[in-house]
Structures are given as C-alpha cells and as structure tokens.
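Quick notes on the structure that follows.
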Amino acid sequence: MTRATQTSGLRSISAVAGLRRRGLPFPKALGQSIAAAAPSAGMASVPIIVLAQSGANPMVSCAAATVLVLLIAYCLGQFAKRMAATGGVYSYAARSLGGTAGLITGWFVVLGYASICIASLFGIVRFVEEAMTGLGVSVGWGAVGAVLLVVAVATGAAALIMREIKFSAGVLLVVEVISIAVISALVLLVALRTPPENFTSALTLGAVDPASLTYGTVLAAAAFVGFESSTTLGAEVRSTFRTIPRTLVWTPIVVGFLLVSSSLSSGLYLASNSSATSPALLDAIAVVGPTGLSVALHLGVALSFFGCVLASGTALTRVLFTLGREGILPVALGHARSSSGVPATAVVTAMSVITATTVVAMTAGLSPNTGLTVFLTIATLGYLCSYLAIAVATPLFLRRIGEVTWPPAAAAVITAVALGYLLVQTLWTESSGGSFSAVLGFLFLAGFGIVAAGCLRVFAPTRLSGAGLYDEVTLADLMPGTTGMRG
Amino acid sequence: MAAGDSNASSAAERAIAVLEVVGREGPGVTAKTIAASLAMSPAAAYRLLNSLVATAYLVRLPDLSGFALGRGSVELATAISPPLICAAARRIMDDLRSEIRFGVHLVTFGSAMRLADTDPDNPIRDIVSFVRQPTTSAAGKLFLNREQSAKRTTQAPLRAEPQPPNAATTITNQPGQVAREQGGLRPDISSVAIAVLHSERQNVTVGALMLTGPTTRAQLLETFIPTLQSATLRLQPLLS
C-alpha cells in the first residue's frame, strides 16, 4: 500500500498567487470558451466553405465535427477534473509528457491563440469595411485607416483584458450574446422565409461519400478551435473541478448546435431558390430579407471577431503568465498586479506582438481577406497539433497517477487517430489549395518552436524543470478558518 | 422510486466509505488503494474521488495521485467535536469560577458560535438553542455584532491599537464589546458577555466570556465586568 507524501510538504501560498482565484462563475467561463471559438463568424461562413470546398453536406459535417470535438473535450476533461491549471492545454501536456514535449505543445497553443487574434483583427477590418460599404459609405480610408482601426480595436481589447477577470469576462459574455443573437436572428429569418417542403432536400444536400464527408468535417472542425480556452482559467473559476469540465462539454454542444442550425437554414435556402448558387448567409438574407440586413450580418460577425480577440487574448496572457511563473520565460510575465489580479506584463507583451504583427502584415500588402485566411489556417493547425498532443498525453497522464480506465484511454486513441488524419488532410489540402504560404508559415513557426525547445533541453535543462506548474492544493485547502483561498 | 432511493443511499454510503478510507490510511493514499480496500470498480472509485475533490471533502496532493481529507471534511469534523482550549485558558476559567458565584462560560467564534468551556456548576442546559438562536444570549449578540464591530474598528484604527492591561475600562466603553441579555436562555436568567479580541487584529472577535445568573441579581452581574475584562485580555493570546 502506497503512502507517497505527507501533507507537511504542502505550499502555504498558491503557486499562482496574485491571480484572482476561485471567483469566476460558470456562465462567464462558458462565455470565454464560446467566444474563443467565434461561433457567429462560423455560422456565417462554415456552410458555404464546407459545401464549396468539400461538396459534403454542411449539416452532417458540422454534426460529425461536434462529435470529434466532444471526444477532444472528454480527453481534456480528464485533466480539468484533476488539476487547476493556468496554462490550459500547455500545463496538461507538460504534466504528462514532460518539459520538452510540453513546451512544444505550449508553443502550438501560443501559435493558436496569437494567430486567431491576428486573424480576428483582419476579420474585423474586413467586415467593418463591408458593413460601411453596405451603408453606402465609401471605404476610402486605405491602409492607414485599416491600421488605425486595428490599433484602436487591439488597444480596446488590451484595456479590457487588463481589468479584473470578472469584469472582462462579463463584457465578453455580453459581446458574445449580442453577436450570437444577431446572427441567429438572421439564420432564423432565412429558415422561416423559405418553404418548409424543401426540408428533405435540404437534408440530402451535398455529397455523402466518405472522402468528402471527412474533408467537410475537417473544415467544420476548424470552427470549434479555441473551445478549450477556459482551461487557462482553471485557477480563477469557482469550483474549478466542476466548472472547467462543464465548459469543455457545453462549448462544443452550443457551438455545434449553432453551426448545424445555420447549415440547415442555408440548406433550406439553397433547396428553395433555384437561382441560388451558394449557401452563403449573406446571399440568403439579401434575397429573403429587406436591404440593410447585410449590415447587421457584417457587424454581428465583426463583434464575434472582437469577442474572439478578447477571449483568445485572455487565454494567451494566462499561458504566458504560467511560463513566466515557471521561469521558462522572463519572470516579469509571471507577475500579476495586486490591484486587478491580472498578469499586466503578459497582457502588454501579448497584445503588442499581436498588434505589431497585424500592422506589419497589413502594411506589407496583405489584404484583410487574405490575412484572415492565412492566420486562421496557422491558428487551426496550431490548435490541431496541441489537441493531438493532449490525445496522446491523456492515457499517459492517467497511467502516471494510477487512474487509467478503458473509456478515456479508448477515447484518447480514437481522438489521436482522427486528429492525426485530420491534420495530414488539412496540411495536404491547404498546401495544394490556396493557403500554401500559410502552411509553409506554420511549418516554419512549428520548426522554430521545436528547435527552441530542443535547445533549452540541451543547454538549459534546469529552466525546463519548472514546467507543469499548476494551482496545486495549499495548506488553506486543508484547514478551515485560514484565509489563503484567495491567494 | 424505491430503486432511485436505494441508489442514492448507496452512493452516499460509498462516498462516506471513501472518506473513511482516506481518514484511516492517512494523506497520500492512492485511488487504486481506495478502490481495492472498498472492493469497488476502479472507474466508480475514480468518479467518486473526483466528485469528492470537486466538493472539497478531499484534496488531491501535489503529485496528483495521492489524496487527503479536505476543508469540507475538516469542517465537518470540527463541527461535531468540542473545541479544544489549552490548559492555561482552562486555568483562567477555573480562577474566575472560584472568584465569581455565577455561571462563567467561554464561547469561541468560528463559522458558528461554540461553547468551548461551560460552567460545570451552572451549565447552559439547552446547548442547541444557545447555538442556533444567538439572540437568546449575550454571547450570541456579540457573535452577531462581530462583522459590524469589525467595520467600526477599521473605521477608527486609533482605538484599535493593542491596549495595555490597565486600559480595561476604555475597552468596556467601546460599543459592540459588551452585551447583555435578559430571559432568552431561560425566563429567570440574564447574561452579560465581554468580547475576546484577536491578540494582533483587534477588529476581530475570536470569542466571548459570558456570565449567567438570576435576572433578580442582574445588577450584581454588572459589577464583575472589570474582572471579566482583565480575564479576556489574558485569554486573547490563548485563543487567537
């Protein structure tokens, strides 16, 4: 019988002291996760992307993607039930795969969050421009105007992330609810304005062969990435071991429902209008609704992108905070302001890099649409790699703590195989398609991360020894009456 | 319905059995050991353990594989056992009782009010009402005033400075530190209580010294306030 440790070895102060611990309620944590997946933008674009690129039925593809993401969520839940992490997927991987593999996973996570922020900034420029065109305002602002918009939006987002998490997560929840309400109303309008007798043909729309369905699933799965971002708030949410697993399950369900609804609505429109060529929500509302609704659509999507910047920016700062606390990155990143409980240096660093990259890419001539596609591809690849690492890490983690059972192990194997296939498929199709430069960019960045982690392992192994830090149990968690809970 | 009930009770029994194993085996016991000693399926044991950790009855130790009893269990345990007070505090209580012919009781304030040392010659009979209905006793009134008085002392920090023993009368005059009650515990009984403050944080009340006696002699109870006052100053470091 094992008696591994004595409680006397416990910390008296939390490893992540400085953050506002255990205060964030479930709805705000859910808002964070949903916002990072930007479902409104997905609702407007996924049906057309899936049908145009794979020929598969968007609804079936979205449903299949939901199942796949729920499998990933199940794997992540194994960690979230057991450790209150601030580095999310990175911390989970570092705990089970060790410092080097953990750091490489962390790099993919950072690439995911940072690239999705950059893509969202490009997206905001694109959709605000289109909304202005819809309003009859000529977009004569050129590159300078776009750069100013990016700087203004990023500064606004940084200022919000800098506030106490309860406040910023509250704002985020409101932004996300408005954005989803606007797009859902438009989706519903399209569905209601088309004759319901076409319901069956809408269901059978698109090809059903396995190859196109698989590719359709890959494309639809890209709309869920970021769903795991609440795992970076492990130390900040109330009853973390319940809240985080719940957000992990509910986010794919909510996002999946929204995407399937939007696909159904688009399918109905396409089946009912013989002249229609694509299931684009934009075309549909132009046909069925009064003019001016396209402006609402564009602003709704732009708002969704803003929510994504806030949510992914918050998640990114928490990962940098963790790396700083561990001593892997400069320790200043691991400092949280006592007034707000927010890692201020991490916020400034992350948002500056994101803004600067966007501005440089923009001034180098990248159009908002290309920028959105390129950085979205990089982000998706980053996320998929990190999810693959988690699928591999899950059974190893459970075996390490002596709690392995067959359901999570089987789920992890299925997830790993599916993700591996999706990753190869994405790399292949994206590189043979229009996003060759994005894939090349991702491979370069991934290579850089792997080399950097390898160098650290060879030249500064002690620096990696702190990897896998989390908000472990403290003396205050054992003794009532002490006040250490808020760390 | 019946099946549901039996399931619920067996889940509760299993949860308690897990807590008992962790209590018996000590900190660091692993999930595997717990499952084996209860002859449970590992999956069921792990599910139960995660749920007990989520509700803070257990904690996972930093190695993530060992378990220990958490705040929830510790709070449960301390709620049913009488609070321990040290020998020095008991001596102070005995001295007071030899000097004063009324009932002398020591009450401690935590998440609830608890009777730490009741007078064996003049005991408080209905302990449940005493604890559940704080308005029925002078000590209970101090317990209810605790947060309010904490605010007051924070607003007037100069008064909250640690007092030398001979400044007892000044403390007596401070609001919220002396309370009186008539007829709540029993129709013919009155009580007077003096707050015991935290030795370092004077805005925190850690307990109370309470005197109980016949209402007809309430005036006499008052005369013992200075004696109780100096005793609370000696009790401060022992209860903080």
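The values are calculated or read from the model by the stated rules, or taken from the named source; none is laboratory data. This is a predicted model, so every value here is computed, not measured. Here Cβ is always computed from backbone atoms with ideal geometry, including for glycine, and neighbour counts include all displayed protein chains. What goes into the accessible areas is simple: the full protein's heavy atoms, side chains included, and nothing from ligands, DNA or RNA. Shrake-Rupley method; radii C 1.70, N 1.55, O 1.52, S 1.80 Å.
Against the condition without any contact (Cβ under 8 Å) to a residue 60 or more places away in the chain and open to solvent by 30 Å² or more (accessible area, probe 1.4 Å), how does A:Glu164 come out, does it pass?
Judged against the criteria, A:Glu164 is not a match.
Tell me whether the range A:32-41 contains one or more residues that are open to solvent by 20 Å² or more (accessible area, probe 1.4 Å) and among the aliphatic types (A, V, I, L, M).
For the range A:32-41, residues open to solvent by 20 Å² or more (accessible area, probe 1.4 Å) and among the aliphatic types (A, V, I, L, M): absent.
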* Asked: Of (1) within 14 Å of chain B (Cβ to nearest Cβ); (2) buried (at least 23 other Cβ atoms within 10 Å of the Cβ), A:Phe241 satisfies all except one. Which?
  -> (2)
* Asked: What number goes with the only condition from (1) on the phi < 0 side of the Ramachandran plot; (2) under 27 Å from the mean Cα position of the chain (by Cα); (3) at pLDDT below 95 that B:Leu38 does not pass?
  -> (2)
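Got at least one residue in the range A:7-18 being open to solvent by 50 Å² or more (accessible area, probe 1.4 Å), more than 14 Å from chain B (Cβ to nearest Cβ) and of a type in the set (Lys, Arg)?
Of all residues in the range A:7-18, those open to solvent by 50 Å² or more (accessible area, probe 1.4 Å) come to A:8-9, A:11-13.
Adding the requirement that they be more than 14 Å from chain B (Cβ to nearest Cβ) leaves none.
Checked the range A:7-18: no residue is open to solvent by 50 Å² or more (accessible area, probe 1.4 Å), more than 14 Å from chain B (Cβ to nearest Cβ) and of a type in the set (Lys, Arg).
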* Please list, ordered by first then second residue, the pairs with beta carbon atoms under 6 Å, 6 or more apart or interchain, first in the range A:55-70 and over 21 Å from A:Val413 (Cα atoms), second in a strand (DSSP E or B). => A:Gly55/A:Ala207; A:Ala56/A:Ala207
* Asked: Among A:Thr377, A:Thr357, which is the only one that is surrounded by fewer than 20 Cβ atoms within 10 Å (Cβ to Cβ) and over 20 Å from A:Gly88 (Cβ atoms)?
  -> A:Thr357
* Asked: If B:Gly207 passes every condition in (1) within 19 Å of the chain's Cα centre (by Cα); (2) surrounded by fewer than 15 Cβ atoms within 10 Å (Cβ to Cβ) but one, which one does it miss?
  -> (2)
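Just to confirm my filter: which strands (runs of 3 or more DSSP E) fall fully inside the range B:40-123 and include at least 1 residues that are farther than 30 Å from A:Lys81 by Cα, more than 11 Å from chain A (Cβ to nearest Cβ) and open to solvent by 40 Å² or more (accessible area, probe 1.4 Å)? Before you say what the answer is, go through the steps one by one.
On the way: elements: B:58-60, B:66-69, B:103-109, B:113-117.
So the answer is B:113-117.
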* Taking the condition closer than 21 Å to B:Gly140 by Cβ and charged (D, E, K, R), does B:Glu222 pass? -> yes
* Asked: Considering the range A:409-437 alone, what residues qualify as being in contact (Cβ under 8 Å) with a residue 24 or more places away in the chain, over 19 Å from A:Val50 (Cα atoms) and open to solvent by less than 90 Å² (accessible area, probe 1.4 Å)?
  -> A:Ala411, A:Ala412, A:Thr415, A:Ala416, A:Gly420, A:Ser437
* Asked: Which one of the conditions (1) open to solvent by 20 Å² or more (accessible area, probe 1.4 Å); (2) without any contact (Cβ under 8 Å) to a residue 12 or more places away in the chain does B:Gly23 fail to meet, given that it meets all the rest?
  -> (2)
* To do: Considering each of A:Phe444, A:Phe375, A:Phe397 in turn, give the residue that is without any contact (Cβ under 8 Å) to a residue 40 or more places away in the chain and either in contact with a strand residue (DSSP E or B) (Cβ under 9 Å, 6 or more places away or on another chain) or aromatic (Phe, Trp, Tyr) (or both).
  => A:Phe444
* Structure fact -> Over the range A:401-417, the set of residues more than 14 Å from chain B (Cβ to nearest Cβ) and touching a helix residue (DSSP H, G or I) at 6+ places or on another chain (Cβ under 6 Å) is A:Ala412, A:Thr415, A:Ala416
